[in-house]
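Data block below; observations after.
The values are calculated or read from the model by the stated rules, or taken from the named source; none is laboratory data. Note that this is a predicted model, so its numbers are computed, not measured. Using ideal geometry, Cβ is built from the backbone for each residue, glycine included, and neighbour counts are taken over all protein chains shown. Please note that ligands, DNA and RNA were not included when accessible areas were found on the heavy atoms of the full protein model with its side chains. Shrake-Rupley method; radii C 1.70, N 1.55, O 1.52, S 1.80 Å.
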Amino acid sequence: MHLDGEEWAARFKSFQREAWRLETLPEYRVSQEAEELRAFAAGERIDPQAYSNEYTDDLKRVRREGKIKGRVHIVTRPLSDYLRFEFMYYQPHAWAGEDIRIMDVTGRRNPLEGVQDFWMFDRSEVVLMNYAPDGTQISREVFEGDVAPFLEYQRIALAESVPFEEYVKGLDV
């Protein structure tokens, strides 16, 4: 089953304990980010301490409700321009309560090689995120099989990653 619109948004409103994402790509082409990405390329930066939007407000709500929203992004250095852009937003997201971790596989074997992007809700429902090679999203589809492999992917990703704020210390991002 493919998810769009309200059905997709409902997943983020109805999860009971945890919404968790694995990100594997160095770039995502998201039309809503195009203007901000152009501004970033031109040298504009947000003030992470002053930045707030619907997403950060929702992250604070999630935390107040005792829920967890997290992600691990698999990266290699040098970081793509897109990752530098995304990291600029990760800081206020982390401060708002999202558990963001980075798995840097530069110079080592990626223990999750070949695993595609996904969201997992309450450790019981997996939504596969399907992308074209350039990072354009094709679709989101509910995975119909056993979620056990995805629980293992999450375990590996968490064990092999570091908190975002630790990762960026000393990096020029």
Problem set entry | Filter result for residue 56 (of a type outside the set (Phe, Trp, Tyr), farther than 18 Å from residue 25 by Cβ and touching a Pro at 6+ places or on another chain (Cβ under 8 Å)) | yes
Exercise. Restricting segment 129-173 to residues that are polar (S, T, N, Q) and open to solvent by less than 50 Å² (accessible area, probe 1.4 Å), which is farthest from residue 91 (Cα to Cα)?
Worked result: 139
For this session: Please work out which one of (1) at pLDDT 95 or above; (2) under 21 Å from residue 101 (Cα atoms); (3) surrounded by fewer than 16 Cβ atoms within 10 Å (Cβ to Cβ) is the condition residue 71 fails and give its number.
Result: (3)
For this session: Output yes when any residue across segment 101-111 is open to solvent by 20 Å² or more (accessible area, probe 1.4 Å) and outside any loop (DSSP other than H, G, I, E, B), and no when none is.
Result: yes
Exercise. What is the one condition in (1) touching a residue at least 60 places away in the same chain (Cβ under 8 Å); (2) part of a helix (DSSP H, G or I) that residue 56 does not satisfy?
Worked result: (1)
Problem set entry | Test result for residue 38, assigned to a loop (DSSP other than H, G, I, E, B) and more than 30 Å from residue 110 (Cα to Cα) | no
Exercise. Just checking, which of 126, 115 is in contact (Cβ under 8 Å) with a residue 24 or more places away in the chain and crowded, with 18+ Cβ neighbours inside 10 Å?
Worked result: 126
Exercise. Quick check, is residue 97 of a type in the set (Gly, Ala, Ser) and either out of contact with any Ser or Thr (no Cβ under 9 Å at 6 or more places or on another chain) or open to solvent by 50 Å² or more (accessible area, probe 1.4 Å) (or both)?
Worked result: no
Exercise. Just wondering, is there one or more residues in segment 22-35 that are outside any loop (DSSP other than H, G, I, E, B), crowded, with 17+ Cβ neighbours inside 10 Å, hydrophobic (A, V, I, L, M, F, W, C) and touching a strand residue (DSSP E or B) at 6+ places or on another chain (Cβ under 6 Å)?
Worked result: yes
Exercise. Under the condition of being touching a residue at least 60 places away in the same chain (Cβ under 8 Å) and open to solvent by 10 Å² or more (accessible area, probe 1.4 Å), which residue from segment 75-88 is nearest to residue 17 (Cα to Cα)?
Worked result: 88
Problem set entry | Within segment 1-21, considering residues that are more than 15 Å from the chain's Cα centre (by Cα) and of a type in the set (Phe, Trp, Tyr), the one most open to solvent (accessible area, probe 1.4 Å) | 8
